[in-house]
1. What is the residue count in the stretch 323-356 for residues that are among the polar types (S, T, N, Q) and under 27 Å from Arg234 (Cα atoms)?
2. Against the definition (surrounded by fewer than 18 Cβ atoms within 10 Å (Cβ to Cβ) and either in contact with a strand residue (DSSP E or B) (Cβ under 7 Å, 6 or more places away or on another chain) or over 27 Å from Ser57 (Cα atoms) (or both)), how does Pro302 come out, yes or no?
3. Out of (1) at pLDDT 95 or above; (2) within 16 Å of the ligand (Cβ to nearest atom); (3) of a type in the set (Val, Ile, Thr), what's the single condition that is false for Val70?
4. Output yes when any residue across the stretch 218-231 is closer than 18 Å to His63 by Cα and among the basic types (Lys, Arg), and no when none is.
5. Is it true that Asp84 is more than 15 Å from the chain's Cα centre (by Cα), farther than 27 Å from Ala316 by Cβ and within 16 Å of the ligand (Cβ to nearest atom)?
6. Looking at Ala42, Ala125, which is the one that is more than 15 Å from the ligand (Cβ to nearest atom) and touching a Lys or Arg at 6+ places or on another chain (Cβ under 9 Å)?
7. Just a yes or no: is a residue in the stretch 258-272 touching a Phe, Trp or Tyr at 6+ places or on another chain (Cβ under 6 Å) and under 23 Å from Gln219 (Cβ atoms)?
Amino acid sequence: MPRKRRIVLGGLTALVLAVGGAVLGAAIKGRPITVPKETDLAFDLPAPVRDSLYYASLAPNSHNAQMWRVTAYPSRGELAIGLDLDRLLTVTDPAGREALISLGAFTENLVQALEAYGYQVEVTATQLPAAGQPNSADLPSPAVTVRYAGQPAEPDSAGRQTLAAMTLRHTEKRPMSAQPLTATQLQALNAMAGVTYFEHGSDGFTYLATGTVAAYRDQANDPAARQELANWLRLSDGEALAQRDGLPAEQLGITGITKTLYYLTTSQADLTGDTFANQGISRTEKQVDGAAGFAVLVGDDPITAGRDLERLWLAATRAGVSVQPMSQLLEDPAAAAALPAALNLSGTPQMILRVGTVSGSYGENLGLRRPLAEFVTNGDG
Ligand SMILES: Cc1cc2nc3c(=O)[nH]c(=O)nc-3n(C[C@H](O)[C@H](O)[C@H](O)COP(=O)(O)O)c2cc1C
């Protein structure tokens, strides 16, 4: 082969290898992160109780801020659950309503996991005024006490299914099918008191879809709300794994090569800019369009509503129904006050959930949660 052609071919091979390497590198970077499960503590707490606390932490919670803290009293089999006041979303959730819902969801997982391990469980929740708390400084601490007793055992088949549902449950940001749910799937959603379902195309659905986009737009244009969200967004795998909280690409529904591009092209300053806000608005428009329906959960007390939310979500998971809370309407006081009359609801709306099925695999929880040692302390010592 003439020397010149050999050089050209050699150059082409090098280019192909370089491009291939870059594509492979990007694909590897775009992979979902793997988060270790860390349940070690510096004091004695039975392994099944530590495991149950890990499952509890897989509960849904606003912005994945994980605003719970637990004081354990191993001597008397007691776990006191309170709010971590440094992790509250004071702009979008000034009364701490969503924080208490998150705590309720944590409690529900904890109770069901302890029971799966064979414990007898008793729960005491601090009674809250029906209207919620005036400000976060008045939030009760601890809000919930969980007592466990008896001898733990390996979970039986029902217990294993419960724990498996907790690891599958996740917030689905992808568009869902607008096709009606099956009768069995609807039964899973309607099995709980306090849930009203609005099918795609119904007046109630249209009211919720339009209102959600409008409330999202208002929030996206509010500098304080933008900044609060930006504080919880993570912009690299390294940051997500160091912080173990908040919303990395995966939790915004951004995966694969798009995740790589998102991380490469987005700076901290971009997160509070107009372009990012507008992308969020158009993502929300697509999300409300892609849903089989909305489920609205009512209830007077946010902790109980949080427990109900998690029971409902675990039932939906088992029925193959995907769920995404959409809270912006409820975060706007005037819109939230108008909701019961507009939708003929028989109580205070606590959660609005977009529900439906996704094509392909159901997906699973990313498991981006803090090690137990960061939120569990020893009350005996
Ligand atoms: C009270 C509450 C409000 C929430 N509001 C929203 C919301 O408006 N939009 C959304 O996409 N997810 C919302 N979520 C879901 C959380 O962002 C999600 O639970 C958290 O990031 C952890 O992710 P995971 O559910 O996949 O475990 C909410 C969750 C709770 C408990």
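1. Number satisfying all stated conditions: 3.
2. No, not satisfied.
3. (2)
4. Yes, the stretch 218-231 has at least one match.
5. For Asp84, the condition - more than 15 Å from the chain's Cα centre (by Cα), farther than 27 Å from Ala316 by Cβ and within 16 Å of the ligand (Cβ to nearest atom) - is met.
6. Step by step, each of Ala42, Ala125 is checked, and only Ala125 is more than 15 Å from the ligand (Cβ to nearest atom) and touching a Lys or Arg at 6+ places or on another chain (Cβ under 9 Å).
7. Checked against the condition, which is being touching a Phe, Trp or Tyr at 6+ places or on another chain (Cβ under 6 Å) and under 23 Å from Gln219 (Cβ atoms), the stretch 258-272 yields at least one hit.
Residue-by-condition table, conditions (1) over 29 Å from Thr255 (Cβ atoms); (2) away from the ligand (no atom under 16 Å from the Cβ); (3) modelled with pLDDT under 95:
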site: Arg174; (1), (2), (3): no, no, yes
site: Ala183; (1), (2), (3): yes, yes, no
site: Ala193; (1), (2), (3): yes, yes, yes
site: Thr206; (1), (2), (3): yes, yes, no
site: Thr212; (1), (2), (3): no, no, no
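The values are calculated or read from the model by the stated rules, or taken from the named source; none is laboratory data. Quick caveat, the model's predicted, so the values are computed rather than measured. A quick note on method: Cβ atoms are made from the backbone with ideal geometry, for glycine too, and the neighbour counts reach across all protein chains shown.
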